[in-house]
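Notes follow the structure.
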Amino acid sequence: MGIDRREFIRIAGLSTLLGLGGTGAFELLAPGRVEAEIIPALGSLKAKRWVMVINQKELDDNTAQQCAAACHRVHNVPDFLNPPDAKLKLNPAVAHRYQVKWLWTEHFHNAFPGDAPAHMAEKVEHMNFLVLCNHCQNPPCVRVCPTKATFQRDDGIVMMDMHRCIGCRFCMAGCPYGSRSFNWRDPRPYVKENYPGYPTREIGVVEKCTFCAERLAQGLQPACVETSRGAIVFGDLEDEKSEVREYLRKYFTIRRKAHLGTNPQVYYIV
Amino acid sequence: MLEKALVGTKRYYGLLAILAGLFALGFLFYLKQLNFGLGITGLSRDVSWGFYVAQFTYLVGVAASAVMVVLPYYLHNYKAFGRVTILGEFLAVAAVTMCITFITVDLGRPDRILNVLKYPTPGSVLFWDMIVLNGYLLLNIVIGWNVLECERHSVAPPKWIKVLSYVSIPWAVSIHTVTAFLYAGLPGRGYWLTAIMAPRFLSSAFAAGPSLLILLCLLVRKYSKFDPGKEQIQTLAKIVTYATLINVFFFMCEVFTVFYSQLPDHMAHFQYLFVGLDGKTQLVPFMWFALVGMTIAGLFLVNPKLRKNETTLAALCGLVIITTYIDKGLGLISGGFVPNPLEQVTEYWPTVPEAIITLGVWAMGFLILTVLYKIAVSIKEEVKS
């Protein structure tokens, strides 16, 4: 006999090890390729660094809610608090635990904890601030992800590859803005109307705002910007003539927890 | 040597059957979790890690504490510990196996776990944790098994085993340091963002692990012909004493920095744990019990009378195990997530399925521990006769 059992197991074991190492080597040789890559179409919007300026002065509460609703609609975000089918109604505490939020509103002292003075302008105190992923230039979520399922694109967008995510939720612990959500259960029955332009999710993966990368690739502005009646502007920070730069020149802006060094790319005019 | 695990008393088989039953029950609930998602746990958008990650963190400490018997023996030639190193190493094997299982159970997509190898990401602490934990498991299996085999045949262990034993010493420190770094490097979590996290992890590990080892030694003595030794237990007791006191001291250092600096986002977590926040006080009694209990245990253990009496020693070791478990299990993870980054309070409590799955993993670990200890003790008995 050519090889005995012991030898066979040794060879089989070694080739398995090499096989695993081999895939790793491919990833090292061609980094940045992901399973769910977005291929930009002709006429897609491009930038060196996408940023968002939210003009809270121009954003009334109604519009803010419409922005959040538009975002959640075009991304098939489930609504556990108000399910489409009354039979699916959950106990409110459970629905709160399962919540998935990409874009939502918060009061100043929650959106900017520690920054609220005891006496502040009444208007600002009750203002509904739109909060979302800040697409940090120095994102802790990307730093902690063990599989590069969340990564930063060249144009600054912090992206999610939901096909690669192992659901360890390290990114949720890492995000200092609470901008990430996890699919604690099958979200599909809780999606109001299936929007064909974006995939629904499976259980066990993390998701968040992507600055509407899939819409930019089609030459469209992010859904919230489109719905905001001019209260949100979106553009290239590196382009001096862009509208966002114009706004940043003209108005004093604040950012959430900028002292953490994350360099958030969502600016607020208050 | 495996044959030693197959023959035993009725009591041995009974214990194995109970542990296997609990494991099977946990596994059934795990199947349910796989089907429904992690929504069957008490976890939420705000508290996204809980019971599973807590057990993992605690058990990394138990595993790391094997170094407390290995180090004196190999580096200081403290011969007495030669009798118990195997117990420490096999405890580490069982503990690390539980750690890896808890991490797997906590994943939303366990089917993709190999992505960590497929897309190696050295920037992520989790990547390194995977390496050090698996490495430590391998080290302890190889060292423990070979040393035991040599003891059985009354020959000195080969030189390479000694080299591996030296390697395992800093490696043990590394597993708990890297685990602490999972938490201590996150900019938005005030409770964890502290340089003393890794030292605190090590001190509580060196308190809890040897405490468990003492209890296991007492059990081994009671139920087998192998006596781990009075001196060995007393030396371990001294390690427990000072590790517990150092752990309390480190905690006080943390309290000073947080409350003298008055940084709100660091204080909020301590307030939640020790007095409650926004009227939410679920963990307050547990945390006070842990802090007071740990301090009392440490102080009582200083008293030689209480330490030398094996009954009081066992009780105090039990107290150390429970209090460090509350501190590191319940408090550390929940405390870090409450309040959330928007300063809102969502409390967390494990659900029944979550607790049963947890129990199943512990049963699996103790099943492994029982089998390994059975082998070790049988060999020791064989050598003695």
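The values are calculated or read from the model by the stated rules, or taken from the named source; none is laboratory data. Treat the numbers as computed from the prediction; the structure is a model and nothing was measured. Backbone-built Cβ (ideal geometry, glycine too); neighbour counts: all protein chains shown. Just the protein is used for accessible areas: all its heavy atoms, side chains included, with ligands, DNA and RNA removed. Shrake-Rupley method; radii C 1.70, N 1.55, O 1.52, S 1.80 Å.
Overview of values
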| item | result |
| --- | --- |
| Sites B:Phe36 and A:His259, calculated FRET efficiency, Cβ-Cβ separation with R0 30 Å, nearest 0.05 | 0.15 |
| For region B:1-73: rounded, prolate or oblate by the Cα gyration tensor [a/c cutoff 1.5] | oblate |
| Mean Cα-pair separation over length for chain B, i.e. relative contact order, pairs under 8 Å, 6 or more apart, % | 30 |
| Chain A - Cys residues lacking any other Cys C-beta under 4.7 Å | A:Cys71, A:Cys136, A:Cys145, A:Cys165, A:Cys168, A:Cys175, A:Cys212 |
| Largest-first principal axis extents, alpha carbons of region A:60-219, Å | 47, 42, 34 |
| Helix axis angle, B:230-261 relative to chain B longest principal axis, alpha carbon, degrees | 10 |
| Amide N of region A:148-163 lying under 15 Å from the label point, which is placed 7 angstrom from the Cα of A:Ile38 along Cα→Cβ | A:150-163 |
| Estimated FRET transfer efficiency when R0 is 56 angstrom, pair B:Asn146-B:Trp288 (beta carbons, to 0.05) | 0.75 |
| In degrees, nearest ten, helix B:10-36 long axis to first principal axis of chain B (Cα) | 30 |
| Residues B:Tyr242 and B:Ser154, FRET efficiency given R0 of 41 Å [Cβ-Cβ distance, rounded to 0.05] | 0.70 |
| Charge dipole (debye, nearest 20) of the protein assembly as shown; +1 at Cβ of Lys and Arg, -1 at Cβ of Asp and Glu | 1780 |
| Angle between chain B longest axis and helix B:264-274 axis [Cα atoms, degrees, rounded to 10] | 60 |
| Per residue solvent-accessible surface (Å²) - region A:60-219, probe of 1.4 Å | 38 |
| Debye, to nearest 20: dipole size of region A:60-219, +1 on Lys, Arg Cβ, -1 on Asp, Glu Cβ | 620 |
| Chain A, dipole about Cα centre (Lys/Arg Cβ +1, Asp/Glu Cβ -1), debye to the nearest 20 | 540 |
| Between region B:11-35 and region A:175-203, the alpha-carbon center distance in angstrom | 33 |
| Sequence-separation-based contact order of region A:60-219, relative, with Cα cut under 8 Å and 6+ spacing, percent | 28 |
| 17 Å Cα-Cα reach of A:Lys192 towards aspartates and glutamates, excluding residues that sit fewer than 8 places from it in its own chain | A:Asp79, A:Asp85, A:Glu202 |
| Shape of region B:286-385, Cα gyration tensor, a/c cut at 1.5 | oblate |
| Mean Cα-pair separation over length for chain A, i.e. relative contact order, pairs under 8 Å, 6 or more apart, % | 30 |
| Helix runs (DSSP H) in chain A reaching 15 Å along axis by Cα, Kyte-Doolittle at least -1.0 | A:5-29, A:61-74 |
| Inter-chain Cβ neighbour average for residues B:123-134, partner chain, 10 Å | 3 |
| Most to least accessible of B:Cys253, A:Cys168 (protein chains only, probe 1.4 Å) | B:Cys253, A:Cys168 |
| Rounded if a/c under 1.5, otherwise prolate or oblate - region A:165-270, Cα gyration tensor axes | oblate |
| GNM flexibility winner over chain B from B:Ala64, B:Ala198, B:Ala24 (Cα, springs under 10 Å) | B:Ala24 |
| Shielding by other protein chains, B:143-154, mean Cβ within 10 Å | 0 |
| B versus A: buried accessible surface, summed, Å² (probe 1.4 Å, to nearest 100) | 4000 |
| Cα pair count fraction exceeding 17 Å, expressed as % - region B:210-288 | 63 |
| Å³ per residue enclosed by the Cα convex hull of chain B | 146 |
| Globularity ratio of the protein assembly as shown, using Cα Rg and 2.2 N^0.38 Å | 1.06 |
| Span from the region A:98-119 Cα centroid across to the region B:95-167 one, whole angstrom | 43 |
| Shielding by partners - mean other protein chain Cβ count within 10 Å, residues of B:101-114 | 4 |
| Accessible area of region A:60-219 belonging to carbon and sulfur atoms, whole % at 1.4 Å probe | 52 |
| Where only alpha carbons of region B:141-295 are counted, the Rg and the Dmax (Å) | 20.4, 65 |
| Candidates A:Val94, A:Val225, A:Val131, ranked by Gaussian network fluctuation over chain A, Cα under 10 Å, top entry | A:Val94 |
| Across B:Lys162/B:Lys238; B:Lys225/B:Lys384; A:Lys101/A:Lys208, pairs whose alpha-carbon gap is larger than 18 Å | B:Lys162/B:Lys238 |
| In nm, spacing of pseudo-spin labels at B:Ala20 and A:Thr200 (7 Å Cα→C-beta vector) | 4.3 |
